[in-house]
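K.L.:
Dropping a structure here in structure tokens format, bear with me for questions.
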């Protein structure tokens, strides 16, 4: 299970340290791509392959599905941590997620997300307002 939050700087080459607890769960190689809400998603290969299998079942005639697939796969990169545990985040992904000199790396159950601290703070503020309401909805679904 991927969990926790870690703040790390981005070096001049665009690399960020991936915490050992998260690397152990992600495996030796994993996929980083654009996520939802101005963050990056990082998937273990097994989960990326499972997502791929589900997405390939979508019809080619479904315009919104194909748009999502194009954006997701065109921005995807395979990551392999270096000996210091850093991964390279390409400039186009850093631009999308508005990541500058600092990044917040968080575990979210089956994936890792990488956020700019500013975008994460803004997201949290908006989510905090709806937390009780969401919790009530989930309780109604047996969670």
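Rule-based calculations on the coordinates, nothing more; no lab input. Remember, predicted model here, so these are calculated numbers, not experimental data. Note: ideal-geometry Cβ built from the backbone for every residue, glycine included; neighbour counts use all protein chains shown.
K.L.:
At a Förster distance of 30 Å, what's the computed FRET efficiency of residue 130 paired with residue 3, Cβ-Cβ distance as r, to 0.05?
P.N.:
0.90
K.L.:
Using 0.36 nm times the number of residues separating residue 73 and residue 102, minus their current alpha carbon distance, what extension gain do you get?
P.N.:
7.9 nm
K.L.:
Per-residue ellipticity at 222 nm for the chain, helices alone: DSSP H runs ≥ 4 residues times -39500 (n - 2.57), over residue total, nearest 500 deg cm²/dmol?
P.N.:
Mean residue ellipticity at 222 nm (helix-derived): -13500 deg cm²/dmol.
K.L.:
Given an 8 Å cut-off on Cα distances and at least 6 residues of separation, report the relative contact order of the stretch 49-119 as a percent.
P.N.:
16
K.L.:
Which parts of the stretch 93-121 would a label at residue 29 reach, counting a residue when its backbone N lies under 18 Å from a point 7 Å out along Cα-to-Cβ?
P.N.:
Hits in the stretch 93-121 for residue 29 at 18 Å: none.
K.L.:
log₁₀ I(q)/I(0) of the chain at q = 0.12, 0.19 Å⁻¹, via Debye over equal Cα point scatterers, no solvent, to two decimals?
P.N.:
Ignoring solvent entirely, the Cα scatterers give -0.54, -1.18.
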